[in-house]
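Peer 1: Structure below; questions to follow.
The values are calculated or read from the model by the stated rules, or taken from the named source; none is laboratory data. All of these numbers come straight from a predicted model, not from anything done at the bench. Using ideal geometry, Cβ is built from the backbone for each residue, glycine included, and neighbour counts are taken over all protein chains shown. For accessibility, only protein heavy atoms count, side chains too; no ligands or nucleic acids. Shrake-Rupley method; radii C 1.70, N 1.55, O 1.52, S 1.80 Å.
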2 protein chains.
Amino acid sequence: MMPALLPVQPLTRAAFAPFGDVIETAGARHFPINNGTTERYHDLARVQLLGPEARALVSIAVAQPIALPFTVRMLERHPLGSQAFVPLGGRRFLVVVAGADLQPLAFLACAGQGVNYHANVWHHPLLALDAPSEFLLVDRGGPGDNCEEVNLPQHWTLAA
Amino acid sequence: MMPALLPVQPLTRAAFAPFGDVIETAGARHFPINNGTTERYHDLARVQLLGPEARALVSIAVAQPIALPFTVRMLERHPLGSQAFVPLGGRRFLVVVAGADLQPLAFLACAGQGVNYHANVWHHPLLALDAPSEFLLVDRGGPGDNCEEVNLPQHWTLAA
């Protein structure tokens with residue numbers, strides 16, 4: 001199969017809205033707390049914890065960087081919960097998502113940006129760049145099968 | 001009132017256990033995900049979302065640094081939920097907590113460490129050091145009065 005080229009676009013709230021949330025201070029609602037010493041950029045992600053006995057998990061994911069060009073061959077989704085990834089070291093990373101038609105879109109998340117995939121949104125597993133990268137991960141724990149994978153009928157190349 | 005000196009100790013899971021969780025990879029349970037390209041340090045904080053219509057919030061807090069010496073005069077607590085703070089830039093920060101007797105303990109959180117205050121645990125608002133510091137914040141949203149403050153009968157000095 002001949003891969004097609006998947007262009008990479010900047011990550012913006014508007015472009016990403018059909019798939020989830022961009023977690024960043026820029027453009028976010030904020031207000032002072034702690035007697036004015038701290039500014040709170042409030043409620044940046046819709047955390048979805050579906051099904052009985054669901055709970056929120058806070059984890060750290062350490063991802064090895066991919067080499068470019070990289071071929072996107074599969075996607076996954078989580079029917080029972082959202083999944084947020086926020087870089088702990090400010091490193092950029094790639095985000096690939098798709099709608100029900102499995103036509104992917106690729107975004108470059110820059111320093112200061114994290115993402116939250118909404119439940120049931122197709123996305124590629126972590127695509128770190130440049131160096132091993134730590135992410136804070138907020139997702140769902142609990143009973144039930146919460147991961148589906150699909151092999152894409154068309155493969156896609158991410159280039160530098 | 002003459003403040004007393006509050007010594008600062010290293011932040012360890014064991015010392016912090018009565019108050020909450022230390023969010024760090026060191027010593028945490030972990031396993032590979034994403035076909036082995038990512039290591040997941042799993043379920044590092046007990047996220048408590050109490051009361052009806054509670055939900056998890058993901059926010060970013062930007063804290064101005066304190067100047068040392070700093071006087072601890074008050075603490076707060078959240079009866080309806082936990083509150084996790086994880087530095088997004090790897091900066092160290094100070095953590096002050098207390099049991100029901102309001103006798104405080106101070107910890108220095110170093111690069112790679114975050115904390116999760118359990119519900120109803122007395123703690124000081126964010127104490128950033130060195131420079132304005134961003135934290136990812138995971139706490140509880142929903143109806144109900146979720147913040148109590150107390151003025152300490154004894155003041156405490158945090159020194160360098």
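Peer 1: Per residue Cα convex hull volume for the protein assembly as shown, in cubic angstrom?
Peer 2: Working: hull volume 42.5 nm³, N = 320.
It comes to 133 Å³ per residue, whole-number rounded.
Peer 1: What value, in deg cm²/dmol to 500, does the helix sum -39500 (n - 2.57) over DSSP H runs of n ≥ 4 give at 222 nm once divided by the residues of chain A?
Peer 2: Per the formula, -500 deg cm²/dmol.
Peer 1: Of A:F70, B:F19, which has the most accessible area and how do the rest follow, probe 1.4 Å?
Peer 2: On the way: A:F70 45, B:F19 20 Å².
Largest accessible area first, the residues go A:F70, B:F19.
Peer 1: Then there's this: Distance from a point 7 Å along Cα→Cβ of B:H155 to each backbone N in segment B:1-17: keep the residues under 14 Å and list them by number.
Peer 2: Counting only backbone N, you get B:1-6.
Peer 1: What figure in square angstrom, to the nearest 10, would you give for the accessible area of A:R140 with a 1.4 Å probe?
Peer 2: Around 20 Å² of this residue is reachable by solvent.
Peer 1: Using a label position 7 Å from Cα in the Cα→Cβ direction, what is the ascending list of nm distances from B:N120 to the same site in the other copies?
Peer 2: In ascending order, 3.8 nm.
Peer 1: At 1.4 Å probe size, what's the solvent-accessible area of A:H155? Round to the nearest 10 Å².
Peer 2: So the heavy atoms of A:H155 present about 40 Å² to solvent.
Peer 1: In what sequence, largest accessible area first, do B:E39, A:E134 appear using a 1.4 Å probe? Write down the numbers at each step before the final one.
Peer 2: On the way: B:E39 50, A:E134 75 Å².
Greatest to least solvent exposure: A:E134, B:E39.
Peer 1: Sort B:I23, A:I66 by accessible area with a 1.4 Å probe, largest first.
Peer 2: A:I66, B:I23
Peer 1: A follow-up question, please. Taking the Cα centre of segment B:1-110 as the origin, how large is its charge dipole in debye, to the nearest 20, when only Lys and Arg (+1) and Asp and Glu (-1) carry charge on their Cβ atoms?
Peer 2: Magnitude of the dipole: close to 120 debye.
Peer 1: So if I take the centroid of the Cα atoms in segment A:48-83 and the same for segment B:94-114, what is the distance between those two points in Å?
Peer 2: One Cα centre to the other: 32 Å.
Peer 1: Still on this model: Could you pull the copy-to-copy label distances for A:P52, with points set 7 Å along Cα to Cβ, in nm to one decimal and sorted shortest first?
Peer 2: 2.2
Peer 1: Something else: Could you report the accessible area of A:C110 in Å², rounded to 10, computed with a 1.4 Å probe on the protein chains as they sit in the structure?
Peer 2: So the heavy atoms of A:C110 present about 60 Å² to solvent.
Peer 1: Here's another thing I want to ask about it. Any idea of the accessible area per residue across segment A:1-100, 1.4 Å probe, to the nearest Å²?
Peer 2: Numbers: 4670 Å² over 100 residues.
The answer is 47 Å² per residue.
Peer 1: Taking the Cα centre as origin and putting +1 on Lys and Arg beta-carbons and -1 on Asp and Glu beta-carbons, what dipole magnitude results for the protein assembly as shown, to the nearest 20 debye?
Peer 2: Computed about the Cα centre, the dipole is about 300 debye.
Peer 1: Using θ = phi - 60° and the Karplus relation 6.51 cos²θ - 1.76 cosθ + 1.60, list the HN-Hα couplings for segment B:140-145 in order, rounded to whole Hz, with x at every Gly or Pro.
Peer 2: 9, x, x, x, x, 8
Peer 1: By DSSP, what percent of the beta bridges with both residues in the protein assembly as shown are antiparallel, rounded to the nearest 5?
Peer 2: Working: 95 of 107 bridges.
Taking every DSSP beta bridge within the protein assembly as shown, about 90 percent pair in antiparallel fashion.
Peer 1: I would also like to ask the following. Let me know the shape class of chain A, please: from the alpha-carbon gyration tensor, a ≥ b ≥ c as square roots of the eigenvalues, rounded when a/c is under 1.5, otherwise prolate if a/b is greater than b/c, or oblate.
Peer 2: The shape class here is oblate.
Peer 1: In addition: Shortest first and in nm to one decimal, what separations exist between B:G89 and its copies in the other chains, measuring from label points 7 Å along the Cα-to-beta-carbon line?
Peer 2: Those label-point separations list as 1.7 nm.
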